[in-house]
Amino acid sequence: MSEQLPWQWPESTWRPIVEKVRAGRSLKPANWPGGAKCAVALSFDSDHETTTLRWGDNSPGTLSANQYGARVAIPRILALLAKHDIKASFFVPAVTAMIHPDEQRRIIAEGHEIGIHSWIHEMNASLPPEDERDIQMRAADKLEEICGVRPVGIRTPSWDFSPVTLAITREMGLLYDSSLMADDDPYELLEEGTPTGIVELPVEWIRDDMPYFGFDFRRQSRPHTPPSSVLGIFKAEFDGAHADGGVFQLTMHPHIIGHRSRMAMLSQLIDHMNATGDIWYATHAEIARWCLETAK
């Protein structure tokens, strides 16, 4: 990186940075399976203990809060999904899968998808490129070993996408990424202006439970957004996606969403979406494949 300050950079410095990873052609399809008006992609980042371990923290207190995700939340989530016959995507760090292997096998057995979500929830941008490559590949191998299914998609931890993440994802031959935010609906990723054939299913902090409910006791920082207000935001995001005929993608974390009041909120959201009568619940992989197959 140049030693100059950004306002001193010539175009030859900033343009390659901008062009490294960009949004390419839209992959929003003209129609969804079964005549559905909107696709709904529910996802759960099963971070569990890794959000504590990644900082080198060994606190039993914080680890107990993480364990809640596996012990209480995942069973609640799977029961709610089964009640409504909804298939979802679970993004799982390899260490989570090693601590809770039966959980991952159950998720697969019930028809859901498991995607790559790091080794121990490390921050990609802080890693040397060779370490990031090794970790991403080892994580995929470990998930396949435990689940019996090779992951086809990735979500980077904390959506931390380094300059080499896309190159590694291409090398691995993955179908899609779900870490970036350049659109509301799926698009093809470009690397240095070259189409990659990789589908991006964009995320957004608006459609994530963590900013509304996350609590960091070290900073004494607790958001004060009640579930009823978050429900209103998520409903509005879904309504907009439905009106546009696009994708409503939602990111949740079991140890965050799995508490009683928040599960009640998620149940109400599902009821709201079901009331339209014309949506397609699908895994991220299913949506990515449909978008590629129907792309013009």
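The values are calculated or read from the model by the stated rules, or taken from the named source; none is laboratory data. Just so it is clear, the model here is predicted, and its values are computed rather than measured. Cβ coordinates were reconstructed from backbone atoms using ideal geometry, including for glycine residues, and neighbour counts include every protein chain displayed.
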Residue list for segment 89-141, filter: among the basic types (Lys, Arg), touching a residue at least 40 places away in the same chain (Cβ under 8 Å) and under 24 Å from ARG289 (Cα atoms): ARG105
Tally of residues being over 30 Å from TRP280 (Cβ atoms), touching an Asp or Glu at 6+ places or on another chain (Cβ under 8 Å) and among the hydrophobic types (A, V, I, L, M, F, W, C) across segment 37-69: 1
Matching residues, segment 222-241, being over 20 Å from the mean Cα position of the chain (by Cα) and surrounded by 19 or more Cβ atoms within 10 Å (Cβ to Cβ): PRO227
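Listed here are the residues, each with its yes/no results for (1) within 13 Å of VAL21 (Cβ to Cβ); (2) out of contact with any helix residue (DSSP H, G or I) (no Cβ under 7 Å at 6 or more places or on another chain).
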residue	(1), (2)
VAL149	no, no
GLY153	no, no
MET181	yes, yes
SER228	no, yes
Elements of type helices (runs of 4 or more DSSP H) contained in segment 1-105, each with 1 or more residues being in contact with a strand residue (DSSP E or B) (Cβ under 7 Å, 6 or more places away or on another chain): 74-83
Residue match in segment 110-119 (condition: among the small types (Gly, Ala, Ser) and surrounded by fewer than 21 Cβ atoms within 10 Å (Cβ to Cβ)): yes
ILE74 under 27 Å from ARG207 (Cα atoms), in contact with a helix residue (DSSP H, G or I) (Cβ under 9 Å, 6 or more places away or on another chain) and surrounded by fewer than 21 Cβ atoms within 10 Å (Cβ to Cβ): no
Within segment 65-115, considering residues that are at pLDDT 95 or above and among the aromatic types (Phe, Trp, Tyr), the one farthest from the chain's Cα centre (by Cα): PHE90
Options HIS242, HIS224, HIS253; residue that is in contact with a strand residue (DSSP E or B) (Cβ under 8 Å, 6 or more places away or on another chain) and farther than 21 Å from GLU113 by Cα: HIS242
TRP55 being among the aromatic types (Phe, Trp, Tyr) and over 28 Å from HIS121 (Cβ atoms): no
Wholly enclosed helices (runs of 4 or more DSSP H) of segment 126-218 bearing at least 2 residues crowded, with 22+ Cβ neighbours inside 10 Å: 129-147, 165-171
